[in-house]
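J.: Take this structure, written in structure tokens, and hold onto it; I'll ask about it next.
The values are calculated or read from the model by the stated rules, or taken from the named source; none is laboratory data. Every value quoted in this text rests on a predicted model; they were computed, and no experiment measured them. All Cβ positions, even for glycine, are placed from backbone atoms using ideal geometry, and neighbour counts span all protein chains on display.
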Ligand code: DAH
């Protein structure tokens with residue numbers, strides 16, 4: 001047996017060595033009392049005198065090589081793979097990545113809208129999705145013959161007392177004015193329902209944010225200022241805003257609010273229908289009839305109100321052309337936000 005042959009055997013043995021037990025076997029095979037190195041050493045006295053020192057050195061080098069190899073292996077076994085699974089642990093295997101979820105785009109934009117109004121002093125309040133006919137219509141000065149009361153425009157749940165799925169978030173105005181005295185500054189995010197056929201711009205369920213402020217001497221100019229702050233915070237400070245006269249039963253005067261088209265900057269394109277403007281919400285000064293029904297003195301108090309569709313704001317802001325994308329839960333869409 002010579003030193004070279006033992007050295008080659010060491011190299012071969014260390015290759016597949018993957019457990020502390022196997023390492024101990026390996027150690028005993030070479031360094032044990034009856035191991036191969038002891039055997040080599042025992043041949044020294046029989047060697048010619050001039051070869052003995054060189055042979056002894058060779059055995060020593062082998063011994064150091066073995067000690068180093070054993071130490072290295074021990075480090076690996078005791079490091080990342082302590083415990084019973086050592087034999088099967090592959091420390092080179094990639095770890096398991098945790099997939100992080102995130103908020104739905106509608107939740108994000110709702111939070112963003114509420115945060116903007118909250119910074120301007122508005123409280124955030126919610127209301128129930130099942131409403132009385134009174135809160136959804138009558139309390140808001142919507143007359144009995146108004147088309148929005150028809151069954152094809154509202155989901156009715158029960159005939160008496162009439163319950164329905166709210167068709168807008170405005171009934172929370174009625175609830176809050178019954179509960180609290182002015183001054184009031186409130187925004188109301190929430191789901192609303194309408195029996196519309198589903199297409200790229202309609203859904204039977206969508207989200208709105210209602211807002212209103214009631215106090216002495218609230219003026220139309222307050223409404224304008226608040227909404228301009230809002231529009232600029234969401235769409236950027238270069239956006240222009242305009243009020244277009246409109247009709248809502250619960251406000252007088254009423255206006256729809258447009259922003260300059262965020263795609264063409266007002267020049268006219270396919271998104272804004274060549275108008276240069278995009279409608280974003282309805283608004284107005286709260287009708288005195290609403291105050292009267294709720295026992296608020298319309299001579300003392302005035303107020304403004306507005307309501308917007310959250311999907312519409314999100315579609316404009318993110319350039320989304322189909323409302324159905326929000327509700328299909330397609331991860332290819334949702335992961336973009
Ligand atoms: N409730 C209206 C709708 O769903 C939106 C709206 C318009 C709300 C004008 C308001 C308002 O408070 O003043 O179409």
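J.: Keeping to region 190-210, report how many residues are in contact with a strand residue (DSSP E or B) (Cβ under 7 Å, 6 or more places away or on another chain) and within 13 Å of the ligand (Cβ to nearest atom).
T.: Total meeting the criteria: 10.
J.: Consider region 208-242. How many of its residues are at positive phi and within 29 Å of the chain's Cα centre (by Cα)?
T.: 1
J.: Next question, about the same structure. Determine if region 181-188 includes at least one residue that is under 25 Å from the mean Cα position of the chain (by Cα) and either outside the structural domain of residue 251 (by TED's automatic domain parsing) or more than 16 Å from the ligand (Cβ to nearest atom) (or both).
T.: No, that holds for no residue.
J.: Under the condition of being without any contact (Cβ under 8 Å) to a residue 24 or more places away in the chain and touching a strand residue (DSSP E or B) at 6+ places or on another chain (Cβ under 6 Å), which residue from region 211-242 is nearest to residue 321 (Cα to Cα)?
T.: Taking the candidates together, the pick is 239.
Residue by residue, here is whether (1) more than 20 Å from residue 224 (Cα to Cα); (2) within 16 Å of the ligand (Cβ to nearest atom); (3) touching a residue at least 40 places away in the same chain (Cβ under 8 Å) holds:
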residue	(1), (2), (3)
256	no, yes, no
265	yes, no, no
272	yes, no, no
280	no, yes, yes
285	no, yes, yes
313	no, yes, yes
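J.: Tell me yes or no: at least one residue of region 193-209 is modelled with pLDDT of 95 or more and farther than 24 Å from residue 325 by Cβ.
T.: No; the residues of region 193-209 include none that is modelled with pLDDT of 95 or more and farther than 24 Å from residue 325 by Cβ.
J.: Let me ask something else. Run residue 149 past the list (1) in contact (Cβ under 8 Å) with a residue 24 or more places away in the chain; (2) surrounded by 14 or more Cβ atoms within 10 Å (Cβ to Cβ) and report the number of the one that doesn't hold.
T.: Against the list (1) in contact (Cβ under 8 Å) with a residue 24 or more places away in the chain; (2) surrounded by 14 or more Cβ atoms within 10 Å (Cβ to Cβ), residue 149 comes up short only on (1).
J.: Further question on the same structure: Restricting attention to region 316-336, report how many residues are surrounded by 15 or more Cβ atoms within 10 Å (Cβ to Cβ) and assigned to a loop (DSSP other than H, G, I, E, B).
T.: 2
J.: Scan 270, 221, 254 and give me the residue that is at pLDDT 95 or above and more than 23 Å from residue 168 (Cα to Cα).
T.: The unique qualifying residue is 221.
J.: Then there's this: Being under 22 Å from residue 75 (Cα atoms) and either surrounded by 11 or more Cβ atoms within 10 Å (Cβ to Cβ) or at pLDDT below 90 (or both): is that true of residue 32 here?
T.: Here the answer is yes, as residue 32 does meet what is asked.
J.: Name the single residue, out of those in region 214-254 being assigned to a strand (DSSP E or B) and more than 11 Å from the ligand (Cβ to nearest atom), that is surrounded by the fewest Cβ atoms within 10 Å (Cβ to Cβ).
T.: Once the filter is applied, the top-ranked residue is 245.
J.: Can you tell me how many residues within region 16-28 are without any contact (Cβ under 8 Å) to a residue 12 or more places away in the chain and either closer than 18 Å to residue 64 by Cα or touching a strand residue (DSSP E or B) at 6+ places or on another chain (Cβ under 8 Å) (or both)?
T.: 3
J.: Would you say residue 177 is assigned by TED's automatic domain parsing to the domain that holds residue 327, away from the ligand (no atom under 11 Å from the Cβ) and surrounded by 19 or more Cβ atoms within 10 Å (Cβ to Cβ)?
T.: yes
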